[in-house]
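Have a look at this one.
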Amino acid sequence: MKQIFSSILAVIVLFMSTLAQKTYPGSELKQLQSPQNPRIGFVIHGGAGVISRGSLTPEKEAEYRKKLEEAVMAGYRALQEGKTALEAVELAIRILEDSPLFNAGKGAVFNAEGKNELDASIMDGKTLKAGAVAAVQRIKNPISLARLVMEKSPHVLLVGEGAERFAVKQGMELVDPQYFWTKERWEQYLKMKKEREEKTVNMLGMPEVQQKYGTVGAVALDKYGNLAAGTSTGGMNYKMVGRVGDTPIIGAGTYANNETCAVSATGWGEYFIRLNVARDVSALMEYRALPIQQATDLVIQQKLKKLGGDGGVIAIDKFGNIGISFNTEGMYRAYINSEGKPVVMIYKDE
Ligand code: ASP
């Protein structure tokens, strides 16, 4: 009897471990599971979406890779110098916000009225403190304002004009909204506007013609054992005025907890809010003790897909193990491997 029981148990354990090892396209099991010594770790993303091979010119692709490498190395060096996870996250995101390549800061997309409304958030895994801003129009680096909200206000989320007034009080300079204008984003906006006016696009079908997302985010583990996560975006092209996505919603687009992991998301925001994606990855580690890659895969490849949403996440746990998962064709991403070298990837496998 005892023997039968233990063989059944063995079969179950074997089955569970095969399940756990299942790799999905866009999931990066195996090569990422080796923490560095000392255990610091840094991962960034520059958005997920329809980024298929051939859709980028070789020059554009090189530009993306260069900027991702610059940002991931800047964050990593900061951590090596003893800066905190929060500082590294803010620093790398500012670099990506200042680049017109990404849909955050300078490269933000336009809303339905041709304006830019930016969202960002940051979270400290040590204290579970968080700060976020939404629908700001004159903040050059929304991630830095999110950090000020966390550190210098009694609140978690400030929106629009109130957030900008708070920025001024904190000594931040406002920029002219024109700062965010780029030719590429304006053309994307005009294209969408035309399609909407000619009603060739279903009003609720926005993301099918989104092409790519482009939000930026970072997660870090510093040498003090603290985790942090941050995310910044212009939202979605031709979004309704006042629409707020998952990026500034703690638990949806950003989450960090020293007990589990730090997570930053990108994708079709409404789904990420409904599924509480970032917090769900952390909860799976907390309640089901899933390793980080399995936790990210379960949320992105199963739950998100099932609901019809798309996008991806980057995550890092308290040991420096990394989890990356996306269910789109590509995701701009970069991390520091176990030898301390940057690895930059765009497509599923490279
Ligand atoms: N998640 C962002 C939003 O819905 C968009 C993105 O990730 O690119 O606002």
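Only the coordinates and a few stated rules stand behind these numbers; no lab work does. Predicted model, so just to flag it, every value in this text is computed and none were measured. As a convention, Cβ positions derive from the backbone with ideal geometry for all residues, glycine included, and neighbour counts pool all protein chains shown.
Would you work out the Kirkwood radius for the stretch 212-279? I mean one over the mean of 1/r across all pairs of different Cα atoms, in Å.
Computed over Cα pairs of the stretch 212-279, the Kirkwood hydrodynamic radius comes out at 12.2 Å.
Now for a different question. About its Cα centre, how strong a charge dipole does the chain have in debye, to the nearest 20, once Lys and Arg get +1 and Asp and Glu get -1 at the Cβ?
Dipole of the chain, to the nearest 20 debye: 420 debye.
Using Cα atoms only, what is the angle between the long axis of helix 58-80 and the major principal axis of the chain, expressed in degrees (0 to 90) to the nearest 10?
70
If you split all Cα-Cα distances of the stretch 260-343 into 5 Å bins from zero, what percentages do you get per bin, shortest first?
Spelled out bin by bin, the stretch 260-343 gives 3, 16, 28, 24, 17, 8, 3, 0 percent.
Quickly estimate the mean residue ellipticity at 222 nm for the chain, helices only: each DSSP H run with n ≥ 4 gives -39500 (n - 2.57), and the total goes over all residues, rounded to 500.
-10500 deg cm²/dmol
Applying a 10 Å radius around every beta-carbon, put 316-327, 162-173 in order of their mean neighbour count, most first.
316-327, 162-173
Can you find, among THR215, ALA256, ALA334, the residue farthest towards the positive end of the dipole of the chain? Put +1 on the C-beta of Lys and Arg, -1 on that of Asp and Glu.
ALA256
Pick out which of SER264, SER153, SER27 has the largest mean-square fluctuation in a Gaussian network model of the chain, springs linking Cα atoms closer than 10 Å.
Greatest mean-square fluctuation among the candidates belongs to SER153.
Cα axis of helix 2-21 to longest principal axis of the chain: angle in degrees, 0 to 90, nearest 10?
Between helix and principal axis, roughly 30 degrees.
Roughly speaking, what is the centre-to-centre gap between the stretch 276-290 and the stretch 160-174 when only Cα atoms are used, to the nearest Å?
34
Among THR23, THR57, THR328, determine the one that fluctuates most according to a GNM of the chain built with springs between C-alpha atoms less than 10 Å apart.
Largest GNM mean-square fluctuation: THR57.
Between MET150, MET331, MET192, which gets the highest mean-square fluctuation from a Gaussian network model of the chain, Cα cutoff 10 Å?
Highest fluctuation among the options: MET192.
Within the stretch 74-104, report the GluC sites (Glu not before Pro) that DSSP leaves as loop and that have at most 11 other Cβ atoms within 10 Å.
Those satisfying the criteria are GLU81.
Here is a further query. Could you give the alpha-carbon Rg of the stretch 57-208 over 2.2 N^0.38 Å, rounded to two decimals?
It is 1.16.
On to the next question. What's the angle, to the nearest 10 degrees (0 to 90), between helix 160-169's Cα axis and the longest principal axis of the chain?
For 160-169 against the chain, the angle is about 90 degrees.
In addition: So, in Å, what gap is there between the alpha-carbon centers of the stretch 90-124 and the stretch 126-146?
With the stretch 90-124 and the stretch 126-146 each reduced to a Cα centre, they are spaced 11 Å.
Any chance you could list P(r) for the chain, counting all Cα-Cα pairs in 20 angstrom bins from zero, rounded to whole %?
The percentages, shortest bin first, are 34, 56, 9, 1.
Follow-up question, since we're still on this one. Using the structure shown, list the pairs from LYS106/LYS303; LYS193/LYS348; LYS191/LYS305; LYS305/LYS341; LYS60/LYS183; LYS115/LYS152 with a Cα-Cα distance above 21 Å, or answer none.
Over 21 Å apart, Cα to Cα: LYS106/LYS303; LYS193/LYS348; LYS191/LYS305; LYS305/LYS341; LYS115/LYS152.
Further question on the same structure: Evaluate the Kirkwood expression for the hydrodynamic radius of the stretch 75-141, namely the inverse of the mean inverse distance over all pairs of different C-alpha atoms, and round to one decimal in Å.
For the stretch 75-141, the Kirkwood estimate is 13.1 Å.
Nearest 20 debye, what's the magnitude of the dipole of the stretch 52-121 about its Cα centre given +1 on Lys and Arg Cβ and -1 on Asp and Glu Cβ?
Computed about the Cα centre, the dipole is about 220 debye.
HN-Hα J couplings of the stretch 182-191 from phi, Karplus 6.51/-1.76/1.60, θ = phi - 60°, integer Hz, Gly and Pro as x?
Each residue of the stretch 182-191 in turn: 10, 4, 4, 5, 5, 5, 4, 5, 4, 4 Hz.
Check which residues have an amide H placed less than 5 Å from GLY330's amide H, if you skip close sequence neighbours.
GLY49, ILE51
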